Amino acid sequence: MFQFHLTQICGPTIPKKCVAATNYRGMCFISTNDVFKPPVPSPKYRDCLGQIDIAFLLDGSGSVGKYNFGIMKTFVTNVIKRFAERDAQFAIAQYSYGCDIHYNFNQLKIEDSAWETKVASIPYFTGATYTANAIQKLVNELFIPAGGARPSAKKILLVITDGESHDRNSLSYVASQAEAKNIVRFAIGVGNAFDNVYAKEELNTIASDPDNDHVFKVTDFNALNNILQKLEENIIAIEGMLASQKTIQIRMKVLFIYSIFSMHQTPLRTCMLLNFCIFSEGYSMAVATVSRISYAILGAPRYKHQGQVIVSQIRANFNKLLDSPKPQIGSYFGAEVCVVDLNSDSNTDLLLISAPTYMEPDREGRVFVYTFTSQFIFSGVVLVGMAGQMGQFGSSLASPADLNGDGFRDVLIGAPLEENGQGSIYIFNGGVDQINPTYSQRVAGSSVRPGLRFFGISLSQSSLDQSSDSLPDIAVGSMGVVLLLRSRPIMLLNTKVTYNPSKIPTNVTDCTMPLQNILTVCFTMSLAANMNYTIMLDAKRQKYRAYFAAKKRIHSDVMNITLHEACKSHNFLIEACPEDALNPVSSELTFTFQGLPSTSIPMQNLRPVLLPEIKTTIDHNLDFEMNCGTDNLCVDDLRMDFNFSGATNIEVGIMQEIYVTVFVENRGENSYNTLYILNYPFGLSYRRITSKQGRVECVSLDGVQGVKLGETTCYISKPILKDNSQGRMIMVKLGASQICPGNSHHYTFCILTTQEITPWQNVFTVHNPFSFFFFQIENDLRELTFKVFIKVPVKVGDADIWNNSMYMLTHTNETLWMCVFQDCSVAVCAEFSCDVTLIKNERILYIITANVSSGWIEQDAKVTPLLFSKDILGFLMTAESQDLSLVSHPKDGILLYAQY
């Protein structure tokens, strides 16, 4: 049996540079027994699409008039402007008795800044109307290469006239001549002349079929601009389509041939899907296989200016149409289609459909992902490129291999116009049943080789190990060159962090000594690399409980890893008896990977890279010991009792104390952050605690009358009250010294003084007759409202203490020394009464000033025992109360005494 070798080499997107854009058309070279046949389709079908040659034939007869002829020239200018961004050429001719071609396709170029002036300067002829003669001239002399017409361009003729022609009998013939040259004719009739049936028939004869699309009538020349939009749409509607249905079929035969070849054997299967030709011009194709049933996926990106994809079951009458999930005019949905077999089981899992000109504010191009159950349905996943790039993302698609070694095929997507036409490709990783919508790598053309253009315009559909390093390679097309990209080894890193001891002890008795621990970091991989890492202890807390030397919780280091596990240990300390002994100490490990060049010959010094999915920041917890049984859940059993002692009756204004003894016991498992709260009425204040077992820490907040009670919160053996621990007995001392509003507390002050003391004579002399005395009342605790009574001695017997009986009491806020006051009862006193309100830490200072008389000292011997020298004065001034401090400073030997 004769066997032959059949080889097919295809380039699906071979670029051809055109005036307004670069077109990408496919071409295949087929070889039979190493003999190549001419390419299919023929190179002529690769000519630039969208080329348009538009000729204007203007009626210059006498009925038009010079003014209307000017309006007609303005209309021509407006039409040209609408096609200025396209690959279009323009020519202008005028007819009356004869026909003049003012500008052929070579003479009127919109690149010339003076082209509008050229149109405006065309002179007006006047005369008769010989339309057929003028059309014949343009067919013979303008729509030819000598007139600048391009063979592959669509030929458009716009005839503008205001009445019937004088050679109407020749119109049918010249129209057939124009049809034979594929000249598409539009007839525009102006004015009322075309209301009669003969004039209408003349316009229909001039125009191409169907008449509804190629004949326009306006009431006057001013109305010409009203048909601009419709005229443009009708011209564009046929852009990119060849006039001959036979030509379309030839193109479709090439685009939709699916052949599977076996080496040195005949083709196994060939399917021609010509039924799609009448549907739309095909652009892309792929074949999906599901449960041994094959489907042809055909893209029609120009369908209704939005695009569509048809799924046809091969050898069966089944078609499924897929419209864009996000329709957008001009998005080119279906420009590329690609099937993905994620797990390489020969069954198609996903279908990718690109819309490379889908416009968004910050990017261009989308790829829609479809899944297959009983049919292809949109999965909701959309793949997009980098923001800020308008590069026609999705111009090429491929799923050649598993590039990252995780067992699932990955996807390549080209964006050839990114970075101002340098181009780039994206890699999206496959998973169990879907594509990760975040790209794992972007390869810019500028990073591969300087000067590349349109990098990523095409991608290899398969991946061969061209470099013999056991890693997949991919081919990427660029303008004029194909580049082979090698894969770098992908490292699967294993990271391990351990502690020794593995738990933080909680049975600590000495809370002043920190606990020691060792943290060990281990890295394991199959190739050599350097790992730079940083450890942050107790990373989730601002006030950290663990630290390295010098109270620092951050430590950085580097580790060299070969083919074996590499480990390094770090000593650190943990605060003993921390406030939080329940939540773990979470250490954060952050590392960077630096692959070292491979020493093996096939690798040729390739540096490995870390699998992108591997996290480079990891938390590792160090738990506290819980000792809570097999369920690791602590259930405490707290018991509490209390009693009172001390003063049984609380008297206002008298310093008294009351004791509350609290007994707390845990009969269950560990209890965390155990506390009790003691509330008491306004008027009592917290003094101190006494604990007979364990640690107790209390905080107190005094009450506010009519607002809230006083509160003392005591933490018992914080943070952990052990299971079945011995009972804790805590004695809380409360004081009752509040001077309540509405009650008075009397302070009696008497002044007896001398500057020099001579006890044996009982004679006293005052050196400074003008004396003054300071004393101060200061509030150390809560706000108080009370009365102050100050009694000033004025007589001893019949003698006046003060000259002229003049004395004065004032107050200020100066701070003075402390003083003790003794009882005084030897003088007649005058009394000052003051209403006072002091807030916490506020003070008030009283000053008594007067001229002291010395005559009264001799009147009564009772004074002598009450006089003290200045040498012992400092000892007498050393007492203060809990709530109020009475502070005085004697001047010139004067003493202040207080009586309760």
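Some notes on this structure:
- Reachable aspartates and glutamates from K840, criterion Cα separation under 20 angstrom, eight or more residues apart if same chain: D702, E711, E778, D780, E783, E814, E880, D883
- Phi-derived couplings, Karplus 6.51 cos²θ - 1.76 cosθ + 1.60 at θ = phi - 60°, listed residue by residue for the stretch 170-175: 9, 5, 4, 5, 5, 5 Hz, with x used for Gly and Pro.
- Phi to ³J(HN,Hα) by Karplus 6.51 cos²θ - 1.76 cosθ + 1.60 over the stretch 835-840, Hz, x for Gly, Pro: 8, 10, 10, 10, 7, 4
- Accessible area (Å², 1.4 Å probe, nearest 10) - T590: 50 Å²
- Label-to-label distance, K795 versus I377, with points set 7 angstrom from Cα along the beta-carbon direction: 11.5 nm.
- 3J(HN,Hα) couplings calculated from phi for the stretch 578-592 with the Karplus curve 6.51 cos²θ - 1.76 cosθ + 1.60 (θ = phi - 60°) are, in sequence order, x, 4, 10, 10, 10, 6, x, 7, 9, 9, 9, 10, 10, 9, 10 Hz; Gly and Pro show x.
- Bridges between two residues of the stretch 410-499, per DSSP, are antiparallel at a rate of about 95%.
- Of the chymotrypsin sites (Phe, Trp or Tyr not before Pro) in the stretch 280-322, those whose Cβ has at most 15 other Cβ within 10 Å and which sit in DSSP loop: F318
- Above-threshold pairs, the threshold being 22 Å between Cα atoms, out of K81/K155; K543/K733; K66/K181; K568/K615: K543/K733; K66/K181
- Normalised per residue, the accessible area of the stretch 92-230 is 46 Å², obtained with a 1.4 Å probe and no contribution from ligands, DNA or RNA.
- With every protein chain in place, the stretch 77-175: carbon and sulfur % of accessible area (1.4 Å): 47 percent
- In the stretch 357-516, the DSSP beta bridges split such that about 95 percent are antiparallel, to the nearest 5.
- Those GluC sites (Glu not before Pro) in the stretch 81-131 that DSSP places in a loop and that have at most 12 other beta carbons within 10 Å: E85, E111
- For the stretch 541-632, applying the loop criterion from DSSP together with a ceiling of 12 other beta carbons within 10 Å to the trypsin sites (Lys or Arg not before Pro) yields K543, K552, K615.
- Take each peptide in 403-411, 74-82, 209-217, count the other Cβ atoms within 10 Å of every residue, and average; sorted highest first, the result is 403-411, 74-82, 209-217.
- The residues of the stretch 335-468 present an accessible area of 38 Å² per residue when probed at 1.4 Å with all protein chains retained.
- Near L610, the amide H atoms lying under 5 Å from its own belong to M491; only residues 5 or more places off or on other chains count, and H is placed 1.01 Å from N.
The values are calculated or read from the model by the stated rules, or taken from the named source; none is laboratory data. None of the values given here were measured: they were computed from a predicted structure. Using ideal geometry, Cβ is built from the backbone for each residue, glycine included, and neighbour counts are taken over all protein chains shown. Note: accessible area is taken over every heavy atom of the protein model, side chains too, but ligands, DNA and RNA are not part of it. Shrake-Rupley method; radii C 1.70, N 1.55, O 1.52, S 1.80 Å.
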